[in-house]
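**Q** Below you will find the structure I want to go over with you.
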Amino acid sequence: LEAQAFRYTPAVVFVSKMATSGEAPESWYLALLGFAEHFRTSSPPKIRLCVHCLQAVFQFKPPQRVEARTHLQLGSVLYHHTKNTELARSHLEKAWFISQQIPQFEDVKFEAASLLSELYCQQNLVDSAKPLLRKAIQISQQTPYWHCRLLFQLAQLHTLEKDLVSACDLLGVGAEYARVVGSEYTRALFLLSKGMLLLMERKLGEVHPLLTLCGTIVENWQGNPIQKESLRVFFLVLQVTHYLDAGQVKSVKPCLKQLQQCIQTISTLHDDEILPSNPADLFHWLPKEHMCVLVYLVTVMHSMQAGYLEKAQKYTDKALMQLEKLKMLDSSPILSTFQVILLEHIIMCRLVTGHKATALQEISQVCQLCAQSPRLFTNHASQLHTLLGLYCISVNCMDNAEAQFTAALRLTTHQELWAFIVTNLASVYIREGNRHQELYSLLERINPDHNFPVSSHCLRAAAFYIRGLLSFFQGRYNEAKNKLFMETLKMSNAEDLNRLTACSLVLLGHIFYVLGNHRESNNMVVPAMQLASKIPDMSVQLWSSALLKDLNKACGNTIDAHEAAQMHQNFSQQLLQDHIAACSLPEHNLISWTDGPPPVGQFQAQNGPTTSLASLL
């Protein structure tokens with residue numbers, strides 16, 4: 001069949017005539033390359049004809065250099081444009097084998113190694129990719145660009161396998177190599193990448209001196225303005241995410257402001273086409289457009305933690321719009337990762353602001369994105385079950401919430417996420433009121449006074465709040481006051497954790513109301529309502545308005561009591577309508593999914609809500 005195809009490809013027939021008429025070998029080879037490139041870049045691409053032209057090169061018994069390069073070109077075209085990975089692999093393996101026998105043939109040799117290891121990973125042949133990359137790294141030390149690129153590639157492979165120690169070691173080797181060959185720019189890239197992995201490992205003692213060194217290198221480096229600013233963005237993103245992981249929402253503001261100014265600077269710079277004189281400098285961290293989305297993303301993360309939910313919505317909309325444009329032209333997996341993380345944060349915002357139906361539809365959207373990528377699902381399965389658990393709490397499906405949080409705990413090794421899930425599961429047990437043994441077991445594992453498992457300021461403050469909430473439900477009001485006043489409120493105020501502050505204030509108001517101290521109760525509930533309106537937090541507004549109604553009624557303030565009752569009625573109606581809308585969606589059945597891949601396309605519409613609103617209203 002291949003022979004018949006060659007016979008009827010006009011380009012091949014034409015070149016055959018050139019070869020038999022005594023034309024120089026370079027002429028027929030260049031002609032075939034020209035035809036192949038023409039077919040590859042046609043609109044739409046004619047990949048079959050491109051492959052035929054390249055395969056025709058072997059008919060003329062080319063020299064080794066041409067043979068190896070053609071195998072590489074065929075492997076690349078087949079890998080990127082077809083599903084015939086076995087044939088692509090065969091050509092790349094031949095290119096790698098032949099090129100090793102040819103001196104001064106680095107570009108073909110190392111590109112073949114790089115692409116072949118990528119293909120091996122796609123075929124889950126990681127044990128074949130690693131030794132290939134190691135050998136290529138070993139023999140590329142005289143070729144700075146390829147040596148650095150292959151080190152990055154092997155470090156990335158170890159990272160995907162969760163072997164962060166090996167990845168950090170390789171990045172350290174790369175940083176030292178870049179220093180030796182005089183590339184401070186690429187040295188900074190290696191060190192910043194290592195810093196990112198150390199943050200993932202929570203090796204904070206190593207992170208701080210490394211980031212200090214990186215800051216000095218970045219500020220002292222004089223080179224391409226876009227490259228310099230991109231290093232600053234990388235450096236500042238690490239600093240901001242480090243603060244946010246630690247729950248330090250107020251402390252991060254100066255760094256976040258610098259980051260936002262930095263991305264504005266980059267957007268005004270024109271790409272410099274002049275290549276760096278040092279081949280080891282031929283790297284970019286991220287394209288400008290990707291960096292812009294990333295800065296939107298960390299801004300959303302900050303706004304969500306701080307309780308500026310309208311701001312979070314604004315930046316999410318901008319980022320998602322930008323992502324949709326980019327995904328039309330760019331299939332980079334990082335864009336889907338950005339999209340999923342943005343949706344995870346905006347879903348939490350929706351649940352707080354009383355838009356459960358929209359949140360549920362966005363959870364379904366995350367399911368669909370994860371269903372398209374096994375790696376994405378592996379990395380976000382726990383977060384997905386956590387979001388479903390939070391949704392279940394919002395619609396008062398406590399058994400389902402427990403099942404979702406239990407599934408989420410099973411799927412995560414991330415300490416901060418684990419602590420977040422356990423804190424929310426404890427709130428479920430408190431509301432159920434009959435799970436004392438399980439509750440106390442959980443509280444021991446997130447004891448904010450003793451060996452708290454994470455360094456997050458925000459999560460530790462939340463753990464104090466949970467203990468205050470339990471004391472309130474058990475009628476131990478003075479103990480509850482101490483937990484809320486002395487710990488939660490102090491910690492949340494210190495870092496501008498607005499939502500936790502609002503929750504603490506309204507709970508304190510409720511405690512003072514129960515104790516008969518109406519004046520102190522009012523002093524707590526009024527600022528709680530103001531803060532909840534600013535966030536806006538629908539549940540705290542509902543709770544605050546109910547308390548204000550009872551307070552004013554007890555104090556004989558009839559007009560104020562009526563006004564508060566009207567507010568409470570309005571909030572109740574909004575929540576009721578949203579509750580009915582959410583529970584009526586076919587996606588509501590997701591609350592029963594606790595194992596396996598996301599059940600995309602398996603939803604069945606329900607007749608109406610099946611959950612009680614009693615505890616909500």
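For every residue, the table says whether it meets (1) surrounded by fewer than 18 Cβ atoms within 10 Å (Cβ to Cβ); (2) touching a Lys or Arg at 6+ places or on another chain (Cβ under 9 Å); (3) closer than 30 Å to residue 574 by Cβ; (4) among the acidic types (Asp, Glu).
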residue: 395; (1), (2), (3), (4): no, yes, yes, no
residue: 402; (1), (2), (3), (4): no, yes, yes, yes
residue: 415; (1), (2), (3), (4): yes, yes, no, no
residue: 476; (1), (2), (3), (4): yes, no, no, no
residue: 486; (1), (2), (3), (4): yes, no, no, no
residue: 494; (1), (2), (3), (4): yes, yes, no, no
residue: 500; (1), (2), (3), (4): no, no, yes, no
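**Q** A follow-up question, please. I need the full set of residues from segment 241-251 which are in contact (Cβ under 8 Å) with a residue 40 or more places away in the chain and not β-branched (Val, Ile, Thr), in order please.
**A** Hits for segment 241-251 are 242, 244, 245, 246, 247, 248, 250, 251.
**Q** Could you grab me the full set of residues in segment 116-138 that are crowded, with 20+ Cβ neighbours inside 10 Å, within 26 Å of the chain's Cα centre (by Cα) and more than 15 Å from residue 170 (Cβ to Cβ)?
**A** 119, 120, listed by residue number.
**Q** Among the residues of segment 69-102 satisfying the criterion of being more than 32 Å from the chain's Cα centre (by Cα) and either of a type in the set (S, T, N, Q) or modelled with pLDDT under 90 (or both), which is nearest to residue 137 (Cα to Cα)?
**A** The extreme case among them is 100.
**Q** How many residues, within segment 401-421, are in contact with an Asp or Glu (Cβ under 8 Å, 6 or more places away or on another chain) and closer than 26 Å to residue 457 by Cβ?
**A** 1
**Q** Considering only residues that are among the β-branched types (Val, Ile, Thr) and at pLDDT below 95, look in segment 182-215 and name the one that is surrounded by the most Cβ atoms within 10 Å (Cβ to Cβ).
**A** By that ranking, first place goes to 207.
**Q** For segment 404-437, which residues satisfy the criterion of being in a loop (DSSP other than H, G, I, E, B) and either over 19 Å from the mean Cα position of the chain (by Cα) or in contact (Cβ under 8 Å) with a residue 60 or more places away in the chain (or both)?
**A** Across segment 404-437, the qualifying residues are 433, 434, 435.
**Q** If you take just the helices (runs of 4 or more DSSP H) that sit entirely in segment 230-349, which of them hold at least 2 residues that are of a type outside the set (Val, Ile, Thr) and under 21 Å from residue 215 (Cβ atoms)?
**A** Here the list reads 253-268, 288-306.
**Q** Which pairs turn up if I take residues in segment 190-206 that are assigned to a helix (DSSP H, G or I) and look for partners that are acidic (Asp, Glu) with beta carbon separation below 6 Å, at least 6 apart in sequence or on another chain?
**A** Short answer, once both residue conditions are applied: 198/206.
**Q** Given 349, 292, which one is over 24 Å from residue 457 (Cα atoms) and either open to solvent by 50 Å² or more (accessible area, probe 1.4 Å) or touching a residue at least 24 places away in the same chain (Cβ under 8 Å) (or both)?
**A** 292 is the lone residue from the list that is over 24 Å from residue 457 (Cα atoms) and either open to solvent by 50 Å² or more (accessible area, probe 1.4 Å) or touching a residue at least 24 places away in the same chain (Cβ under 8 Å) (or both).
**Q** OK, next. Which one is least open to solvent (accessible area, probe 1.4 Å), of the residues in segment 233-262 that are touching a Phe, Trp or Tyr at 6+ places or on another chain (Cβ under 7 Å) and under 24 Å from residue 462 (Cα atoms)?
**A** Within segment 233-262, the match that is least open to solvent (accessible area, probe 1.4 Å) is 252.
**Q** For the subset of segment 216-232 comprising residues that are open to solvent by 40 Å² or more (accessible area, probe 1.4 Å) and among the charged types (D, E, K, R), which member is nearest to residue 291 (Cα to Cα)?
**A** 232
**Q** Examine segment 495-507 for a residue that is assigned to a helix (DSSP H, G or I) and farther than 30 Å from residue 455 by Cβ, and state whether such a residue exists.
**A** No, segment 495-507 contains no residue that is assigned to a helix (DSSP H, G or I) and farther than 30 Å from residue 455 by Cβ.
**Q** Here is a follow-up. Which pairs turn up if I take residues in segment 388-403 that are touching a residue at least 60 places away in the same chain (Cβ under 8 Å) and in a helix (DSSP H, G or I) and look for partners that are open to solvent by 10 Å² or more (accessible area, probe 1.4 Å) and polar (S, T, N, Q) with beta carbon separation below 6 Å, at least 6 apart in sequence or on another chain?
**A** Every condition considered, the pairs that remain are 392/400; 403/594.
**Q** Let me ask something else. Looking at segment 1-30 only, could you name the residues that are hydrophobic (A, V, I, L, M, F, W, C) and either open to solvent by 80 Å² or more (accessible area, probe 1.4 Å) or modelled with pLDDT of 85 or more (or both)?
**A** Within segment 1-30, 1, 14, 30 meet the criteria.
**Q** Let me ask something else. For the subset of segment 438-469 comprising residues that are in a loop (DSSP other than H, G, I, E, B) and open to solvent by less than 10 Å² (accessible area, probe 1.4 Å), which member is farthest from residue 495 (Cα to Cα)?
**A** Here the residue is 446.
**Q** If you check every pair at least six apart or on different chains, which have Cβ atoms under 8 Å apart with a residue in segment 226-240 that is in contact (Cβ under 8 Å) with a residue 40 or more places away in the chain and acidic (Asp, Glu) first and a residue that is open to solvent by 30 Å² or more (accessible area, probe 1.4 Å) and not in a helix (DSSP H, G or I) second?
**A** That search, which allows pairs on different chains as well, returns 229/269.
**Q** Within segment 547-570, is even one residue under 29 Å from residue 386 (Cβ atoms) and either open to solvent by 50 Å² or more (accessible area, probe 1.4 Å) or touching a Pro at 6+ places or on another chain (Cβ under 6 Å) (or both)?
**A** Checking segment 547-570: not a single residue is under 29 Å from residue 386 (Cβ atoms) and either open to solvent by 50 Å² or more (accessible area, probe 1.4 Å) or touching a Pro at 6+ places or on another chain (Cβ under 6 Å) (or both).
**Q** Looking at segment 372-393 only, could you name the residues that are closer than 27 Å to residue 332 by Cβ and open to solvent by 10 Å² or more (accessible area, probe 1.4 Å)?
**A** Residues satisfying the conditions are 372, 373, 374, 375, 376, 377, 378, 379, 380, 383.
**Q** Residues that are closer than 21 Å to residue 277 by Cα and touching a helix residue (DSSP H, G or I) at 6+ places or on another chain (Cβ under 8 Å): does segment 157-170 have at least one?
**A** no
The values are calculated or read from the model by the stated rules, or taken from the named source; none is laboratory data. Bear in mind that the values here come from a model prediction, so they are computed numbers and not experimental data. Neighbour counts run over all protein chains shown; Cβ positions are idealised from the backbone, glycine included. Remember, those area values only see protein heavy atoms, side chains included, never the ligands or the DNA or RNA. Shrake-Rupley method; radii C 1.70, N 1.55, O 1.52, S 1.80 Å.
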